[in-house]
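Novice: Structure incoming, see below.
No value in this document is a laboratory result; all are computed from the given coordinates. Keep in mind it's a predicted model, so treat the numbers as computed, not measured. Here the Cβ positions follow ideal geometry from the backbone for every residue, glycine too, while neighbour counts run over all protein chains shown.
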Amino acid sequence: MVSRELRERVQWVREEIALAAARAGRSPSDIHIVAASKKKPASLMLEYQNLCHELGMVSIFGENYVQECHQKRAVLPPGTQIHCIGPLQSNKAQEALSLFDLIETAHSDKILYLLNRYATEAKICKDILLEINVSADTAKHGFAPDDLPRVLNEVLPSCPALVLRGLMTITREYDNVADARPDFAKLRETARICNLAKCCRAGRVELSMGMSADFPIAIEEGATMVRIGTAIFGERSG
Amino acid sequence: MLKTSGTLILASSSPRRRELLTALRLTFEIKPADCDETPHPSEFPEAMVKRLAQAKAQVVSIAQPDAWVLGADTTVVVDGEILGKPEDDADAARMLALIQGRRHVVWGGAALLNQRQGVAEVWGESSEVEIAPMTTDLISDYIATREPYDKAGAYAIQGVGAQFVTRVFGSYTNVVGLNVSALLQVLRKYGVVRGV
């Protein structure tokens, strides 16, 4: 059954999303929660799934590791939506295609070509987000914002098996969460400047930005997906 | 050979539920129930569909205490918002814009009542439905077919709208209007039905 702590945490997150959306003049249903479940047991994910259905919501999970996702899929119901939100290594690209519904971390030409090649061989299409390094954090992956036109004009046209859904960013860690706001705004602006709506499926541009500490700010700046782990599942013990 | 013990009454005017039961070769009567279908404030979808299924069955069961009365209710929920049947074109367009290009949850509730035997079995379950991306033009065209009217969530999974349903997770008949597998389990449990 669904524990009271999980219920309260999810309720809090939904309220915060609704408040942030209202401040930004947006509809809450425009924003999707990606429940970051790295290192969390499948039993807790099932609990979250049941809670979502109770509330009339669809659950989406974010996993970081191919191996962990593989193990969890063996236990979770078929059709469970899982995004790849961790750095994707080249040697995991092929497996990732069958495990993830959306790959949020397409961060280099090499990964794009690899994903396209394996998807073509498997005769499937795969939804992706382009990971953008807005913070110019050398420790993070991602395309530079200025590089996006090149990727759109020169790389993606050679990757017909990849379906672009939008952009994603992991900002650097700021002591003051409010300092992340310019980075979120930058991702939104990058999408606008590059006219991403023309390249994305059904003209809808997903912006995956914001995590447990700063998702309300990200939503005010246009986030359509927020990756929330701690605020839903509690502190990671591993 | 399917044998029914006693009278089975479907307390619903839904043609889809009637077709589901007919396809199973069940023998039944139809007595639509009128009751207030307004959701209670902050009522969860599961509670709502079970409550309404029971309320519909109750109305008919009181008048026919010897009969096995079946009530059902289905609701479409997007991000916690319960979508009823659209009131007009604008309402239908709003609902279709909400459900297109993503998944939503369908909650189905059912109740089997028999006053004489003191049976009040109520059950419910959820399915997830994935809808293809729909442009505003497609949405307008679909509304022009008039099919969205009288459908929860403004679409029919088994009509013209079938072309927009890409995947179903969970029971399909639950999405149509009544999980027939769960229903037959209950009918067999009480000996209402024997055989196939």
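Novice: Inside the stretch B:12-71, can you point out the residues that are in contact with a Pro (Cβ under 9 Å, 6 or more places away or on another chain) and of a type in the set (A, V, I, L, M)?
Specialist: Hits for the stretch B:12-71 are B:48, B:52, B:60.
Novice: State all residues of the stretch B:103-124 that are surrounded by fewer than 18 Cβ atoms within 10 Å (Cβ to Cβ) and either under 19 Å from residue B:10 (Cβ atoms) or facing chain A (nearest Cβ under 9 Å) (or both); if no residue qualifies, say none.
Specialist: At the first step, the residues of the stretch B:103-124 found to be surrounded by fewer than 18 Cβ atoms within 10 Å (Cβ to Cβ) are B:115-123.
Selection gives B:115, B:116, B:117, B:119, B:120, B:121, B:122, B:123.
Novice: Filter the stretch A:47-75 down to the residues that are of a type in the set (A, V, I, L, M) and under 26 Å from residue A:209 (Cβ atoms), then identify the one that is farthest from the other protein chains (Cβ to nearest Cβ). Quick ask: steps written out before the conclusion?
Specialist: Within the stretch A:47-75, the subset of a type in the set (A, V, I, L, M) is A:51, A:55, A:57-58, A:60, A:66, A:74-75.
Next cut, under 26 Å from residue A:209 (Cβ atoms) only: A:51, A:55, A:57-58, A:60, A:66.
On the way: A:51: 11, A:55: 5, A:57: 6, A:58: 4, A:60: 9, A:66: 23 Å.
Ranking the candidates gives A:66 first.
Novice: Considering only helices (runs of 4 or more DSSP H) fully contained in the stretch A:1-104, which possess at least 3 residues that are under 24 Å from residue B:99 (Cα atoms)? Give the derivation first.
Specialist: Working: elements: A:4-23, A:42-55, A:66-73, A:93-99.
Answer list for the stretch A:1-104: A:4-23, A:42-55.
Novice: Ok, one more. When you scan the stretch A:148-185, how many residues do you find that are in contact with a Phe, Trp or Tyr (Cβ under 9 Å, 6 or more places away or on another chain) and acidic (Asp, Glu)?
Specialist: Of the residues in the stretch A:148-185, 1 are in contact with a Phe, Trp or Tyr (Cβ under 9 Å, 6 or more places away or on another chain) and acidic (Asp, Glu).
Novice: Next question, about the same structure. Sort out which residues of the stretch B:26-49 are in contact with a strand residue (DSSP E or B) (Cβ under 7 Å, 6 or more places away or on another chain), in a loop (DSSP other than H, G, I, E, B) and under 18 Å from residue B:85 (Cα atoms), and write them in order of number. If you could, list the steps in order and put the result at the bottom.
Specialist: The initial filter retains those residues of the stretch B:26-49 that are in contact with a strand residue (DSSP E or B) (Cβ under 7 Å, 6 or more places away or on another chain), namely B:26-31, B:33, B:39, B:45-46, B:48-49.
Checking which are in a loop (DSSP other than H, G, I, E, B) leaves us with B:26-28, B:31, B:33, B:39.
Listed by number, the residues that qualify are B:33, B:39.
Okay, residues lined up against (1) part of a helix (DSSP H, G or I); (2) buried (at least 22 other Cβ atoms within 10 Å of the Cβ); (3) touching a residue at least 60 places away in the same chain (Cβ under 8 Å):
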| residue | (1), (2), (3) |
| --- | --- |
| B:51 | yes, no, no |
| B:55 | yes, no, no |
| B:66 | no, no, yes |
| B:72 | no, yes, yes |
| B:77 | no, yes, no |
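Novice: Checking residue B:82 against (1) under 30 Å from residue B:141 (Cβ atoms); (2) more than 14 Å from every other protein chain (Cβ to nearest Cβ); (3) free of Cβ contacts under 8 Å to residues at least 60 places away in the same chain; (4) within 16 Å of the chain's Cα centre (by Cα), which single condition isn't satisfied?
Specialist: (2)
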